[in-house]
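Colleague: Before I ask anything, let me first share the structure, which is written out below as structure tokens.
Rule-based calculations on the coordinates, nothing more; no lab input. Fair warning: this is a prediction, and the values are worked out from it, not measured in the lab. We place every Cβ from the backbone using ideal geometry, glycine too, and count neighbours over all the protein chains shown.
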Amino acid sequence: MDAKLSLLTRLQHLGTAPCDENTPVAPVGLPSIRTSTVRFNSIEDLEETYRRKSRGERLVTYGRMGMETHAALEDIFCQLEGGKRCFLASSGLGAITMAMLSLLSAGDHVLVADCVYGPVRHLDNTVLKRMNIASTYVSGSSIDALEKQVKENTKVLYAESPGSLLFEMLDIPALAAFAKKHGLILVIDNTWGSGYAYKPLELGADVSVIAGTKYVGGHSDLMLGAVVAKDKAIIAQIDLSQYAMGFSVSADDAWLAIRGVRTLPIRMEQHARNALQVCRYFDTLPETRQVFHPAFEKDPGHALWQRDCTGSNGMMSIELDLSDKQIRAFVNALQLFSIGYSWGGFESLIQWVDRPTLENHAYWNRQDSQIIRLHIGLEGVEDLIADLNQALLQARAVR
């Protein structure tokens, strides 16, 4: 497809079947192709497939590697992220695991920005350590701090921007320069931007990891991860590991993601509009100490967001001067916000972030307040604000 076309236009046409008089336009124009077995006409055809595959072509010899439905979704991720090859996983954490285990070996060391998605630490504690892969967590906002922790066996710099809980913006071009200086592979979790609001590969990252469960799917009805890379050698490394680890994605989930991504731009823009209004609501409250949302003009990372991002989304965190009893009353009184860990779907969600988790973040240095993380959904924002307000009134009454 013509690269000169806008991303919004390309997303409406990627993955569609060739058009003839009997081709449906919806849904997607491409069926969910489910199979375990791929048949070949001859030994020579099979041998030619393997020859072409060895040269880097995406050719399928077994259903686990994905059929046309999967290939169409991989192409969409590459278009979103600006990559050359995409590898699918069954979840966002699966994609993180794929990237880590593809790029690290026993005896290696990985530098990890301390703002990353919490289960990365679980992966470290349960798998990487057992494989003799060492990890050091450090502020991703400080090149000096990173310099002090780099070792001879450091191979990867892994970060997430904005951060997972407090949404601190990291300077990816600066991290890329640091990684290049030390010969490291820079991997960025880009679930927040999902290739639409943020493009780490264009800013210098080597690998982008995305939980397609979130904004790409957009309807809270699938689990999906993706690893996107642009360097030929890195692609070959991930390709070998993905095959060895047996990652597989349901054709139906791939199909749902292709359906969902058509509306990704307009959904994210609406989430972002709603979120900014909620930010401004919280900014007026006497209980609010800080609003964490990089698109909000008072956020410490707003200048970096303006420089590097092309949009925003519905994620934010709020620091509130409330007691434990009050925050419980506030969260429990909400009617339009469900308590849940995911985000990126149509619905509004809330999470009360526990202090031990916050203490892992260099960005956080206070102990006498509460943090809630919100996903602002596609409901009427005036209704969401009214719901937040009635819950806050109930919390204020608690002593």
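Colleague: Enumerate the lysines that LYS4 could reach by cross-link, defined here as Cα to Cα under 29 Å, with residues fewer than 8 away along the same chain left out.
Modeller: Partners found: LYS84, LYS199, LYS214, LYS230, LYS232.
Colleague: While we're here: Provide, as a two-decimal number, the C-alpha radius of gyration of the chain over 2.2 N^0.38 Å, N being how many residues it has.
Modeller: Against the compact-globule rule of thumb, the ratio is 1.02.
Colleague: Sticking with this one: On a 0 to 90° scale, report how tilted helix 232-245 is relative to the longest principal axis of the chain, with both axes built from alpha carbons and the result rounded to the nearest 10.
Modeller: Relative to the chain, helix 232-245 is tipped by roughly 90 degrees.
Colleague: A follow-up question, please. For the charge dipole of the chain, defined by +1 on Lys and Arg C-beta atoms and -1 on Asp and Glu C-beta atoms about the Cα centroid, which residue among HIS182, ALA72, LEU276 has the Cα displaced farthest towards the positive pole?
Modeller: Checked the options; the winner is HIS182.
Colleague: Charges on Cβ only, +1 for Lys and Arg, -1 for Asp and Glu, centred on the Cα centroid of the chain; of LEU285, HIS219, ALA95, which one is farthest towards the dipole's positive end?
Modeller: Selected residue: ALA95.
Colleague: Please report the spacing between the Cα centers of the range 63-140 and the range 338-399 in Å, no decimals.
Modeller: When both Cα centres are located, 28 Å separates them.
Colleague: Rounded to the nearest 5, what % of DSSP beta bridges with both residues in the range 264-396 are antiparallel?
Modeller: Counting DSSP beta bridges with both partners in the range 264-396, the antiparallel share is about 85 percent.
Colleague: Can I ask one more? Give me the dipole magnitude in Debye, nearest 20, for the chain about the Cα centre, with unit charges on the beta carbon: positive for Lys and Arg, negative for Asp and Glu.
Modeller: Dipole of the chain, to the nearest 20 debye: 520 debye.
Colleague: For helix 264-283, what angle does its Cα long axis make with the longest principal axis of the chain, in degrees from 0 to 90 and rounded to 10?
Modeller: 20 degrees
Colleague: Quick check: the angle from helix 381-396's long axis to the longest principal axis of the chain, C-alpha only, nearest 10 degrees?
Modeller: Taking Cα atoms only, the helix is inclined about 50 degrees.
Colleague: So how strong a dipole does the range 97-235 carry about its Cα centre when Lys and Arg Cβ are +1 and Asp and Glu Cβ are -1, to the nearest 20 debye?
Modeller: Charge dipole of the range 97-235: 300 debye, to the nearest 20.
Colleague: Shape verdict for the range 264-396, please, from the Cα gyration tensor: rounded (a/c under 1.5), prolate (a/b greater than b/c) or oblate.
Modeller: oblate
Colleague: Rounded to the nearest 5, what % of DSSP beta bridges with both residues in the chain are antiparallel?
Modeller: Here the share of antiparallel DSSP bridges comes out near 55 percent.
Colleague: Quick check for me: using +1 on Lys/Arg Cβ and -1 on Asp/Glu Cβ, what's the dipole size of the range 264-396 about its Cα centre, in debye to the nearest 20?
Modeller: In total the dipole reaches around 120 debye.
Colleague: Taking only the alpha carbons of the range 261-323, what extent do you get along each of the three principal axes, in Å, biggest first?
Modeller: 43, 23, 16
Colleague: Can you compute the helix-only [θ] at 222 nm over the chain? Use -39500 (n - 2.57) per DSSP H run of at least 4 residues, normalise by all residues, nearest 500 deg cm²/dmol.
Modeller: On the way: 14 runs with 150 residues, N = 399.
Rounded to the nearest 500, the figure is -11500 deg cm²/dmol.
Colleague: Pull up all non-local amide H partners of THR154: gap of 5 or more, or a different chain, and H-to-H distance under 5 Å with H placed in the peptide plane.
Modeller: Sorted by chain and number, the residues that satisfy this are HIS109.
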